[in-house]
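The values are calculated or read from the model by the stated rules, or taken from the named source; none is laboratory data. None of these values were measured; they are calculated from a predicted model. All Cβ positions, glycine included, derive from the backbone under ideal geometry; neighbour counts span all protein chains shown. Note: accessible area is taken over every heavy atom of the protein model, side chains too, but ligands, DNA and RNA are not part of it. Shrake-Rupley method; radii C 1.70, N 1.55, O 1.52, S 1.80 Å.
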Amino acid sequence: MDSDSESSSHSSEEFYDKDADSRDAEWMSKQHPGNTDAVLACPMCFTQICFVCQRHARYAGQYRAISVVHCTVKDELYAFSSRGVLEPSSQDSEETFRPPRYLSFV
């Protein structure tokens, strides 16, 4: 065995921890108890924003956040107009939503 292949096998063994997944799962269950249907992340930056959520009863591809982290929601209502443009709305309905504001990590 040459020195290059020997050093690469040593370095990969140094970074392997067979118990890491079990410890991570245990930590998650302590931080966020209960069952979840999904873990939600921001589609732009992939920051995880919800570890406990439920599948929406009517819309199969949507989920309802139970506990949210790294994010706040301002009390502003928006809806898509008939032209497909996002506009402020004064009425709260199933068609309106409150967009999230992600906390910055500085």
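Applying the criterion of being in a loop (DSSP other than H, G, I, E, B) and either hydrophobic (A, V, I, L, M, F, W, C) or modelled with pLDDT under 85 (or both) to the residues of the range 17-35, the residue that is nearest to the chain's Cα centre (by Cα) is HIS32. All of ALA79, ALA65, ALA38 fail the test of being in contact (Cβ under 8 Å) with a residue 24 or more places away in the chain, surrounded by 10 or more Cβ atoms within 10 Å (Cβ to Cβ) and either assigned to a loop (DSSP other than H, G, I, E, B) or more than 13 Å from the chain's Cα centre (by Cα) (or both), apart from ALA38.
Restricted to the range 41-61, and to residues there that are in a loop (DSSP other than H, G, I, E, B) and under 20 Å from ARG101 (Cβ atoms), the residue that is least open to solvent (accessible area, probe 1.4 Å) is CYS42.
Only residues that are among the basic types (Lys, Arg) and in contact with a Ser or Thr (Cβ under 8 Å, 6 or more places away or on another chain) were counted across the range 30-79, and they come to 0.
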